[in-house]
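The structure under discussion appears below in the form of C-alpha cells.
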C-alpha cells in the first residue's frame, strides 16, 4: 500500500461513531486493517479483549509496537491482502480501510467467519456496495457483497475528518454476514464471473 493512501482520521465524533456502530464488548477480538498511527486502535483496545492491528507501512508498524507495547494489541506488520486471516481468531472487524484495496479486502474478508464489520470506504464505493437491487448503482460489487452479507451505509464522512484530506468523501458501512438467499455451487467462480 502506498503511503499516499494513508489518511489519518482526526475527527473525534466520527471516531466515536465508528466505535459505537460496532457495538463492542469486552469479550470481542477486533481485526483492524490499516491501523496507521493507532488513533482508532486506541479507542478499540479500551473496549475489547484484544485488537489485531495490521499495518503495511514499516514506520507506522514500529510506532504501533512502541505505543501498544504492554497493551491488548497485537501489531502485525504486513500486507493485509497476503496475510492469512484464518491464523487469527477475531469476531469483529473495525477499520478505516486503505481505499486502494477496498474491493479486494472486502471480498477476502467475506470468506472468513465474523459477526460484524464496521468499515470506512470512499463514499462512491460504499454507495455502489450498498446499492439496492434495481438501482442505477447496483452491479457486480453490490451483487457480490450482498450475496454474503447485509450492508448498511451508516454515515457520510467529509474530507476534513482526515489528515491529510483525501479529496473525496468517505462513508462508514456496517457489514453483517448472513446465509445467502440462493445457492452458488462454486463461490470462487461466481466471484470471478462478477
Find the residue count for the stretch 62-103, including only residues that are in a helix (DSSP H, G or I), over 14 Å from the mean Cα position of the chain (by Cα) and surrounded by 18 or more Cβ atoms within 10 Å (Cβ to Cβ). 1
So is residue 40 surrounded by fewer than 23 Cβ atoms within 10 Å (Cβ to Cβ), closer than 18 Å to residue 158 by Cα and under 16 Å from the mean Cα position of the chain (by Cα) or not? no
Determine whether the stretch 7-19 contains at least one residue that is at pLDDT 95 or above, on the phi > 0 side of the Ramachandran plot and under 13 Å from the mean Cα position of the chain (by Cα). no
Anything in the stretch 27-50 that is outside any helix (DSSP H, G or I) and farther than 12 Å from residue 91 by Cβ? List them, or say none. 32, 33, 34, 35, 36, 37, 38, 46, 47
Which of the residues spanning the stretch 98-142 are at pLDDT below 95, within 20 Å of residue 11 (Cβ to Cβ) and out of contact with any helix residue (DSSP H, G or I) (no Cβ under 6 Å at 6 or more places or on another chain)? 99
Taking only the stretch 83-94 into account, find how many residues are in contact (Cβ under 8 Å) with a residue 24 or more places away in the chain and farther than 17 Å from residue 149 by Cα. 6
The one condition in (1) surrounded by fewer than 19 Cβ atoms within 10 Å (Cβ to Cβ); (2) under 11 Å from residue 31 (Cα atoms); (3) under 13 Å from the mean Cα position of the chain (by Cα) that residue 54 fails to fulfil: (1)
Is it the case that residue 19 is in contact with a helix residue (DSSP H, G or I) (Cβ under 6 Å, 6 or more places away or on another chain) and either surrounded by 16 or more Cβ atoms within 10 Å (Cβ to Cβ) or without any contact (Cβ under 8 Å) to a residue 12 or more places away in the chain (or both)? yes
Test: residue in the stretch 143-150 that is within 19 Å of residue 36 (Cβ to Cβ) and surrounded by fewer than 20 Cβ atoms within 10 Å (Cβ to Cβ): no
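Among the residues of the stretch 128-141, write down those that are buried (at least 19 other Cβ atoms within 10 Å of the Cβ) and touching a residue at least 24 places away in the same chain (Cβ under 8 Å).
Within the stretch 128-141, 129, 130, 141 qualify.
The values are calculated or read from the model by the stated rules, or taken from the named source; none is laboratory data. Values in this document were obtained by computation on a predicted structure and should not be read as measured data. Because the Cβ atoms are built from the backbone with ideal geometry, glycine has one as well, and the counts that use them run over all protein chains shown.
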